[in-house]
Amino acid sequence: MSFMPELEPQRDGIAAEITSNMGNEFVKAVALLKGMDPITASALGGAASGAIKSAHAAWEGAIRRRRERMMVAVSEASRVAGGRLDELLVAALDDDTKIELLIQALESAQRTADIRRVRFYGRIAAKGALAQDRASIDAAQRVFISLAALDPVDIKVLLHMARKTDHKWLKSADADGPSLAGELPEVRPVLDAVVARLEGQGLITSNAGSTFLTSLPTWWVTEYGLLCVKELLDPSQ
């Protein structure tokens, strides 16, 4: 009979209490050295003790959320591998690029709140690990790098642009035609930075270098950008 499930929370509680008490005494000592009276120093130490307990609980919550997101990515990778996670890991260990992609994907999954992108990381890692040729491995790594470099606002704009693949988008809402600022007014303050990042990753392109001086710059999603969107949204579903 195992008593570990009952003891584990107690162990965490004891660790939090010890840390809290140490913080309490440290703050009191510093306050006394700064010339505070003992009553004020004691009160300040008690306040610090409560803050440390709250920080400990928040830290545990953050660790738990990261673990849960990583398991979602692992589950998605296993699904792509037909449920044979062991075979996927063996395949990844066979190649330095594959294992590096797997490690980076799982690390990124832990840091990402967007569950859609968490699942994508699991899928792209599995595809890279199971690939049989160097070109497919490199392609999986390239797609991963491009999407991992984006912030949530970048993803939002990219998905919006990809909904209408025949559109060429203006940035400003002042001109005639479909504009990003007009349809996504909430991203207008950061739109220049978003467009620059998407273009830098090769996900969108523009006619900004056109020799037609009267034409306004427009942007559209590239073939590579559409590939990344399909991978992000999971074409199998």
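Values in this text are rule-based calculations from the coordinates and carry no lab data. Just so it is clear, the structure is predicted and the values come from calculations on it, not from any experiment. All Cβ positions, even for glycine, are placed from backbone atoms using ideal geometry, and neighbour counts span all protein chains on display.
The figures follow:
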read-out	value
Lys168 versus Thr205: modelled label distance in nm, points set 7 Å from Cα along the beta carbon direction	1.3 nm
Net lengthening on full extension, Arg134/Leu233 (0.36 nm per residue, minus Cα-Cα)	33.2 nm
Segment Met71-Glu87, length gained on full extension (0.36 nm per residue, minus Cα span)	4.0 nm
Long-range amide H partners of Leu170 with built H, under 5 Å	Ser179, Leu180, Trp219
Entries in Lys168/Lys230; Lys98/Lys230; Lys98/Lys156; Lys156/Lys230; Lys164/Lys230 that, when Cα-Cα distance is taken, lie over 24 Å	Lys98/Lys156
Note, ³J(HN,Hα) from phi for segment 220-233, Karplus 6.51, -1.76, 1.60, rounded to Hz, x at Gly and Pro	8, 7, 7, 4, 5, x, 5, 4, 5, 5, 4, 5, 5, 8
Rel. contact order, % - alpha carbon contacts under 8 angstrom, at least six apart, segment 92-237	20 percent
